[in-house]
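The structure under discussion appears below in the form of structure tokens.
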Amino acid sequence: MRRDLSSWYSPSLGAEMPIVSYGHYGFSLLLVPTAGADYLEYERFQLMVELEPFIDAGKLRVFSVNSVNKESWLNDEMEGAHKAIRHNQFNNYIFNEVIPFLKTNTSAETPIITCGASFGALHSMNLFLKRPDLINGVIAMSGVYNLEEYSKGFYDDQVYFNSPAHYIPNLQDEWYLNNIRRSNHIHIFSGSGDYEDPQASRDFSAVLHNKGIPHELDIWGPEWKHDWPTWRAVLPHYLQTRF
């Protein structure tokens, strides 16, 4: 499996930001880390081993970025407004820097699917919904889609506009809605085991349904916990059966 490391100084974040890619061909799968983790998290937890057959076959090329959650929502010493500012800078980094990098290293026509587990599921879903003209779909695993779960009581317009459970019910702009509805790949997964929150997935599925947005809600049983063995099983299964 081909593995390439890159980095650049991000104008959006004011920091050197690394990115790793795996593979050589296929659609682009953009992985967003969980919680406070980094761009090599999915590799460390052996997910890339499970994806290797699909990568080597040219079905997809995987890219994984760093998070800045420790500099935003997970930083208990930072004011809520400043957390939101950092979060928006991360969004700009993805839209203005990472997406062009992916296009340069694939092609302008290559589809991009965001993917993440846990907190990464919320980010992946939010990134897709905010820019469905740049991103073609999302695989969200074991997520909650209400940013207030992480904002620790802080709420302002920027929490609202990065919390899909809040802004999607009020979204009326047909440009956004039509671009979102055009996707064939909006996948919401949850297990029902320890530390999973399947009701959060059901609730957000209802939000999408009420807006006429086609999607898949996939709830697995109580043996599937909020942990890496679950995600190592789910993602290859989706690549085999949905793509």
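The values are calculated or read from the model by the stated rules, or taken from the named source; none is laboratory data. Computed from a prediction, not measured in an experiment: that's the story for all the values here. Quick reminder, even Gly has a Cβ in these numbers, built from the backbone with ideal geometry, and neighbours come from all protein chains shown.
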Answer residue from region 228-243, given it is among the hydrophobic types (A, V, I, L, M, F, W, C) and surrounded by 19 or more Cβ atoms within 10 Å (Cβ to Cβ) and is nearest to residue 111 (Cα to Cα) among those
239
State yes or no: is residue 210 more than 20 Å from residue 242 (Cα to Cα), of a type outside the set (Asp, Glu) and surrounded by fewer than 16 Cβ atoms within 10 Å (Cβ to Cβ)?
yes
Output the qualifying pairs, or none if there are none: Cβ atoms under 7 angstrom, residues six or more apart or on different chains, first residue in region 43-70 and closer than 30 Å to residue 83 by Cα and modelled with pLDDT of 95 or more, second residue of a type in the set (S, T, N, Q) and assigned to a strand (DSSP E or B).
62/21; 63/21; 63/28
When region 66-110 is checked residue by residue, the ones that are in a helix (DSSP H, G or I) and small (Gly, Ala, Ser) are 80, 81, 84
Of all residues in region 206-225, how many are part of a loop (DSSP other than H, G, I, E, B) and over 16 Å from the mean Cα position of the chain (by Cα)?
10
For the list (1) in contact with a helix residue (DSSP H, G or I) (Cβ under 6 Å, 6 or more places away or on another chain); (2) basic (Lys, Arg); (3) within 16 Å of residue 120 (Cβ to Cβ), I need the number of the one condition that residue 44 fails.
(1)
Pick from region 1-10, criterion of a type in the set (A, V, I, L, M, F, W, C) and either in a helix (DSSP H, G or I) or out of contact with any helix residue (DSSP H, G or I) (no Cβ under 6 Å at 6 or more places or on another chain) (or both), ranking: nearest to residue 117 (Cα to Cα):
5
Requiring at least 2 residues that are in contact with a Gly (Cβ under 8 Å, 6 or more places away or on another chain) and surrounded by 12 or more Cβ atoms within 10 Å (Cβ to Cβ), the helices (runs of 4 or more DSSP H) wholly within region 151-205 are 174-181
